[in-house]
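The values are calculated or read from the model by the stated rules, or taken from the named source; none is laboratory data. If you're wondering where the values come from, they're calculated on a predicted model, not measured in any experiment. With ideal geometry, Cβ positions are generated from the backbone for all residues, glycine too; neighbour counts draw on all protein chains shown.
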Amino acid sequence: MSDEKKKKFTPFGLDWPICLGFIVIVLAAMFTGALSTDLAGGFALMLALGIIFNEIGERIPFWNSYIGGGLVLAFLGSAYLFTNKMIPDKYAKAVSLVMDKADFLSFFIVFLICGSILGLEKKLLLKSFAGYLPAIFGGLIGASILGIVGGLMFGIGPKLIMLNYVLPIMGGGNGAGAVPLSQIYETVTGDKAANYYTFAITILTIANIFAILTAALLDQIGKKHPNMTGDGSTLIRKGVDIEAEKNDAVPTIKEMGGAFFMGIGFYAAGRLMGKAILPKVFGVAIHPFAWMIIIVTIAAMLGIIPNSTKAAAKRLQSFMSSCLVLIIMIGVGADTDLNQLIAAINPSNVVIALLIVIGAIVGSAIVGQMVGFYPIDSAITAGLCMANRGGSGDLAVLGASHRMGLIAYAQLSSRLGGGIVLIIGSVLFGMFLGK
């Protein structure tokens, strides 16, 4: 009987006839125009599509092991559907409502940050963050070196490689990287920001795909060489997850509610610091998520959060990363223009972007190993989460590598690491393009 239960097909935790029935209902409601375009309708459509792609992707040989499985197929399948207008326009806008106006991405990240940080033992947490900045610089150096090598292969000089390829790829994504870099470009050169941004976002999109695919590959390498990777929640070798040791009891509903309010409370604290109290440090803008990570880390170090609340936060994180991540992958895919991506695919762009991503992996893995990190986990967070499209890219990379527990480090790469790249960018633009 137990063997039958193991073999039972339960997509998204439902008996398959029930799950299939609801998928058919949602799609029928969409194609007849009966489905609402509010949050409920948007969630229904995104989960219906996500479950279909996820279940297929998890069963395709080779794809499910080396390309990222169901989550990556959900991302690419969604991109194909929305790029080719196969989803009615009003429901494409409903997906945009979920991802942009409601900013479900930020909501999702809030609980992943809380659960991942509060799930670590104090000393482990301190050592992790102390060694993380060097790992980021390792990734930047590796990306620059291999990027320049790739440029020389195609007759592109180091200056253009650094300005047009390395900076946008390693800059923390679109809104935090490509957009402000293009603004810096306009300020320094007097040329239109759009002239820089158009290529920057294109090369970043190519690199983002490579980041997701190589994350899935690194996950497989970790399975074959377990000494190179941890448990998916810490970077420090031979780390300990406090929740596994001290919080065996399942949190109560009230404790889950408390952890929920704590999460959005920490988010509010990050916004307060980043937007009102201390938006810049030494002239550098600090993202509210970076402040949130700092505040949650301080709270964890001070021991002011009860273990029961930590366990509830960890439970919320598990729910988000195992279930609602499908909504994120569909939303990120819907925002990806495959036509734009295909138009930019030429040998030089593809090879240079791939080499930059590989350089980020190698550089962050080597430095990570030196500071006591698992090299694969360091490569994924300090490397690939610098070379993707920011917050959405972080989730795609961590989803493909099954390491959602490392979201706090990924966000440090996108936010603080991205800020470092902006500083480097302003210097390089002034040196090479200044009037």
Name the pairs: first residue in segment 142-159 and touching a residue at least 12 places away in the same chain (Cβ under 8 Å), second residue in a loop (DSSP other than H, G, I, E, B) and of a type in the set (Gly, Ala, Ser), Cβ to Cβ under 9 Å, at least 6 apart or on different chains? ALA143/ALA387; ILE148/GLY157; GLY151/GLY157
Report yes if some residue within segment 62-75 is surrounded by fewer than 18 Cβ atoms within 10 Å (Cβ to Cβ) and on the phi > 0 side of the Ramachandran plot; otherwise report no. yes
Of the numbered conditions (1) surrounded by 15 or more Cβ atoms within 10 Å (Cβ to Cβ); (2) of a type outside the set (A, V, I, L, M); (3) assigned to a helix (DSSP H, G or I), THR37 satisfies every one except a single condition; which is it? (3)
Looking at (1) surrounded by 13 or more Cβ atoms within 10 Å (Cβ to Cβ); (2) within 20 Å of ALA334 (Cβ to Cβ), which is the only condition PRO11 fails? (2)
So, MET46, is that one over 23 Å from ASN208 (Cβ atoms) and either assigned to a loop (DSSP other than H, G, I, E, B) or touching a residue at least 12 places away in the same chain (Cβ under 8 Å) (or both) or not? no
Just give me the residues in segment 380-404 being in contact with a Lys or Arg (Cβ under 9 Å, 6 or more places away or on another chain) and within 17 Å of GLY368 (Cβ to Cβ), in sequence order. ILE380, THR381, VAL397
Regarding GLY263, is this residue part of a helix (DSSP H, G or I), more than 23 Å from the chain's Cα centre (by Cα) and modelled with pLDDT of 95 or more? no
Restricting attention to segment 341-351, does a residue exist that is under 21 Å from GLY131 (Cα atoms) and among the small types (Gly, Ala, Ser)? no
So which pairs qualify, if the first residue must be in segment 226-249 and modelled with pLDDT of 85 or more, the second must be among the polar types (S, T, N, Q), the Cβ gap must be under 8 Å, and the two must be at least 6 apart or on different chains? LEU235/SER128; LEU235/SER378; LEU235/THR381; ILE236/SER128
Can you tell me which residue among SER128, SER106, SER116 is touching a strand residue (DSSP E or B) at 6+ places or on another chain (Cβ under 6 Å) and assigned to a helix (DSSP H, G or I)? SER128
Residues of segment 63-91 satisfying the condition of being at pLDDT 90 or above and assigned to a loop (DSSP other than H, G, I, E, B): ASN84, LYS85, MET86, ILE87, PRO88
Find the residue count for segment 291-330, including only residues that are within 30 Å of ILE209 (Cβ to Cβ), modelled with pLDDT of 90 or more and of a type in the set (Gly, Ala, Ser). 0
